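Here's the structure, in structure tokens; my notes come after.
The values are calculated or read from the model by the stated rules, or taken from the named source; none is laboratory data. Quantities reported herein were computed from a predicted structural model and do not represent experimental measurements. Neighbour counts are summed over all protein chains in view; Cβ atoms, including those assigned to glycine, are modelled from backbone coordinates with ideal geometry. Ligands, DNA and RNA are stripped out before the accessible areas are found, and what is left, the full protein with its side chains, is counted by its heavy atoms. Shrake-Rupley method; radii C 1.70, N 1.55, O 1.52, S 1.80 Å.
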Amino acid sequence: MHPKLIKLEKTFNPSILTKIDDPLLVQYQVELWMKRDDLLHPVISGNKWRKLKYSLDHALSLGADTLVSMGGAYSNHLHALAYAGKVLGLKTVGLVRGEQPEKLTPSLLDMEAWGMELRYVSRTDYRLLRQYKYGHAPHQLPAGLQYTHHPRQYWLPEGGAQALALQGVAELVAEIEIPYDWLCVPCGTGATLAGIIEATPGQVSVLGFAALKNAGFLTAEVEAMLSQSRNNWQINLDYHFGGFAKINTELNAFINDFELKTSLSLEPVYTGKMMYAVYDLIKKHYFKPGERIIAVHTGGLQGKRGFS
């Protein structure tokens, strides 16, 4: 790995396992643990680091001087990328979905402060950008969306979802040292889920929870990222709460109650929805008595600022 990345990773904290103590879990005779990737780093937390790690190493090995990617106004991916670029001495360009807001979000202000050049693209053009995934270079982007034409740019697709991301996510699984029956993870692009499926023993069931509405396409997306077919996983589509970044009073109440009981912070876009789903499925006897569930906290707590 590149010396700059080794130096950065040495500043990280361990991602521990935290057991959730709750009378409801005792009542249903299941164990629930959380893989605390939110603790890895104050900014490059959770699956953001996992997915970026080997892509950043690849970019540095190629001699790239600019990282180009895409995301929304509260994108955890762009937020982490901007910070990583600053630390690693790389320029960064963020193609941001939608028109420039009159007042920048806290996330966008952070990105600017860390030196990221923000370029706003229409939602139509943003949908076009989603076609540019594995192995594309910035000069291959649709007309009018290119940044500049020079060979030292490195393109990262939305959420950092490319093959190299799976390698970093697999390390998350390798760190789990206790036996378990279920591994649960929220899903946006599906890259984190794919990396977990690749690394998880066959006897473990992997359960993804879609954070967006009409996410049936994610199954094919995940399958396309896997090196071989696996039959120990599925994606639950029932807990999107109306769509990506959509919330309601029921979800808010659950998150507030969970945080009061456990002192663990959740954000409502990914981990909040996943934990609501896990609790709801426990109440519906989805998990068998005696089973141990591990839920992955994918970080991204900076995004909570959009809901204050």
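Summary of computed values
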| read-out | value |
| --- | --- |
| Count of region 88-115 residues which are closer than 18 Å to residue 65 by Cβ, in contact with a helix residue (DSSP H, G or I) (Cβ under 6 Å, 6 or more places away or on another chain) and either in a strand (DSSP E or B) or open to solvent by 10 Å² or more (accessible area, probe 1.4 Å) (or both) | 4 |
| Of residues in region 240-285 being among the basic types (Lys, Arg) and within 16 Å of residue 304 (Cα to Cα), the one farthest from the chain's Cα centre (by Cα) | 246 |
| For residue 67: the one exception among (1) assigned to a loop (DSSP other than H, G, I, E, B); (2) in contact (Cβ under 8 Å) with a residue 60 or more places away in the chain | (1) |
| Conditions (1) surrounded by fewer than 16 Cβ atoms within 10 Å (Cβ to Cβ); (2) touching a helix residue (DSSP H, G or I) at 6+ places or on another chain (Cβ under 7 Å): number failed by residue 241 | (1) |
| Those residues of region 185-216 which are out of contact with any Ser or Thr (no Cβ under 9 Å at 6 or more places or on another chain), of a type outside the set (Gly, Ala, Ser) and open to solvent by less than 10 Å² (accessible area, probe 1.4 Å), in sequence order | 187, 193, 196, 197, 200, 204, 207, 209 |
| Candidates 55, 61, 45, filtered to the one that is open to solvent by 30 Å² or more (accessible area, probe 1.4 Å) and among the small types (Gly, Ala, Ser) | 61 |
| Selection count where residues are surrounded by fewer than 22 Cβ atoms within 10 Å (Cβ to Cβ), under 21 Å from residue 40 (Cα atoms) and of a type in the set (A, V, I, L, M), scope region 253-293 | 1 |
| Residue 206 vs. criteria β-branched (Val, Ile, Thr) and either in contact with an Asp or Glu (Cβ under 8 Å, 6 or more places away or on another chain) or in a helix (DSSP H, G or I) (or both) | no |
| Selection count, region 2-26, where residues are within 22 Å of the chain's Cα centre (by Cα), within 24 Å of residue 87 (Cβ to Cβ) and either polar (S, T, N, Q) or in a loop (DSSP other than H, G, I, E, B) (or both) | 7 |
| Residues that are in a helix (DSSP H, G or I) and of a type in the set (Phe, Trp, Tyr), drawn from region 27-60 | 49, 54 |
| Residue check, residue 221 surrounded by 12 or more Cβ atoms within 10 Å (Cβ to Cβ), closer than 24 Å to residue 37 by Cβ, acidic (Asp, Glu) and at pLDDT 90 or above | yes |
